[in-house]
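The values are calculated or read from the model by the stated rules, or taken from the named source; none is laboratory data. Only a predicted model underlies this, so the values are computations on that prediction, with no experimental measurement involved. Please note: Cβ atoms are built from the backbone with ideal geometry, for glycine as well, and neighbour counts cover all protein chains shown.
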Amino acid sequence: MASVEIECPQCKANTYRLLDAKTGEVICDFCRSKWIVPSLIQKSETEKFLEEQAKRPQVVIDNTSETDEQLMQMISGLAGGALSGGARALGDMIKRVLLIVGGIVLLVIILIVLFFVLLMR
């Protein structure tokens, strides 16, 4: 921080102590009067960063490429139900696996119920 020449508004002395860096409050070493010096207010790191960013020129880049557009079309096509042959086969295979797993779980539940029914007799 650069040195700042400040004098007391009451006694005109130029020796003081900084009481609070956030508010810029100082106290005179001679007459003990307090006042605020805005140039002594210390900013937080976030405030300094935001000020530096505001000074920089803002550049907006349109980086959408043909590949990005194709990807978006593919995703929207999958969401809309227009599946390609490979994706359709994969979807069918997943459905079959889920059906088999569901059948196995149902069979296990039935066996457990039968076991407890026979055990209770």
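So which residues in region 8-51 are under 33 Å from the mean Cα position of the chain (by Cα), of a type in the set (Lys, Arg) and not in a loop (DSSP other than H, G, I, E, B)?
Selection gives Lys48 alone.
Condition check ((1) within 30 Å of Thr15 (Cβ to Cβ); (2) in the same structural domain as Asp20 (by TED's automatic domain parsing); (3) surrounded by 11 or more Cβ atoms within 10 Å (Cβ to Cβ); (4) modelled with pLDDT under 75) across all residues:
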{"residue": "Val60", "(1), (2), (3), (4)": "no, no, no, yes"}
{"residue": "Ala87", "(1), (2), (3), (4)": "no, no, yes, yes"}
{"residue": "Leu90", "(1), (2), (3), (4)": "no, no, yes, no"}
{"residue": "Val101", "(1), (2), (3), (4)": "no, no, no, no"}
{"residue": "Ile110", "(1), (2), (3), (4)": "no, no, no, no"}
